[in-house]
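K.L.:
Dropping the structure in here first, questions after.
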Amino acid sequence: MKKIVAAMLAIAGFIFSANAQESPTAKHFHHRHNHHGLMMKELNLTATQQQQLKLNRDSYKNQMTELNKNESITVKEARDKKEALRKEQKTNMMSILTPAQKIKMENLKKNREAKRDEIVAKRLDKMKTKLNLSNDQVAKIKRSREDIHNQSKDIRDNDQLSRTEKKEKLMVLKEQTQNNLKSILTPEQINKIEELKKNRIEKKQAR
């Protein structure tokens, strides 16, 4: 039973990974930060805008530092305040950009999502071969991924939800992904996933 659960988590991660990351690792944070930095460079910011954005970032960092030092509030209060600061920082950042720059930023985001979709499509092709998936199974997995992607985006973009509420909803969504996959894959295919995972671990250990 544990092996099946592990296998389902592995394949659910494949579908879910390109969507919401409710608990990003430091590596994920720096990766996302680098993407954001490269995107900003393509907006042809003026010297004044660059200075304004720097002041905005510095103010955000200082407030976050002070918040982390505050031991008189609960963990939940700290998380909610951090979420509020993130929203404020984003609003301030967008107010500095021109309408044309905002449009270009949206286009850059769409291009990045398109490239990510290409990567996922290639991974799905490999999965189809290794697991001997039928065309119907592939179509169902694609629909599941698109549905999960749209739902997770709606959750992340919902400013009415607190950070904790978003995390809870995303966890429910991830569980839903696993349940969807259980209804799509055969027991043999799930066992095959576990076998492939075991082989990868053994290869890493042999290095």
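Every read-out reported here was derived from the displayed coordinates using simple, explicitly stated rules and does not represent laboratory data. Fair warning: this is a prediction, and the values are worked out from it, not measured in the lab. Methodologically, a virtual Cβ is constructed for each residue, glycine included, from the backbone with ideal geometry; neighbour enumeration extends over all protein chains shown.
K.L.:
In angstroms, what radius of gyration and Dmax does the range 33-183 have, counting Cα atoms only?
P.N.:
Both quantities, over Cα of the range 33-183: 19.9, 57 Å.
K.L.:
Another question, then. Kirkwood hydrodynamic radius for the range 69-119: how many Å is it when counted over pairs of different Cα atoms?
P.N.:
13.7
K.L.:
Residue by residue through the range 98-109, which ³J(HN,Hα) values in whole Hz follow from phi under the Karplus form 6.51 cos²θ - 1.76 cosθ + 1.60 (θ = phi - 60°), with glycine and proline marked x?
P.N.:
Result, ordered by residue: 7, x, 5, 5, 5, 5, 5, 4, 4, 5, 5, 5 Hz.
K.L.:
In the range 142-180, which residues have a backbone nitrogen under 20 Å from the label point lying 7 Å from S95's Cα in the Cα-to-Cβ direction?
P.N.:
So the set is 159-160.
K.L.:
Taking θ = phi - 60°, what integer Hz values does the Karplus form 6.51 cos²θ - 1.76 cosθ + 1.60 yield along the range 175-191, in sequence order, with x for Gly and Pro?
P.N.:
Going residue by residue, I get 5, 4, 4, 4, 5, 4, 5, 4, 7, 9, 8, 8, x, 5, 5, 5, 5 Hz, with x marking Gly and Pro.
K.L.:
Ok, one more. Once phi is turned into θ = phi - 60°, what whole-Hz ³J(HN,Hα) does the Karplus curve with 6.51, -1.76 and 1.60 give for every residue of the range 194-207, x standing for Gly and Pro?
P.N.:
In residue order, the calculated couplings are 5, 5, 5, 5, 5, 5, 5, 5, 5, 5, 5, 5, 7, 6 Hz.
K.L.:
Return the whole-Å distance between the Cα centroid of the range 110-138 and the Cα centroid of the range 156-189.
P.N.:
19
K.L.:
May I ask you to list the aspartates and glutamates whose Cα is less than 18 Å away from that of K166, ignoring any residue fewer than eight positions away on the same chain?
P.N.:
Leaving aside aspartates and glutamates fewer than 8 places away in the same chain, those within reach of K166 are E22, E77, D80, E83, E88, D147, D154, D157, E175.
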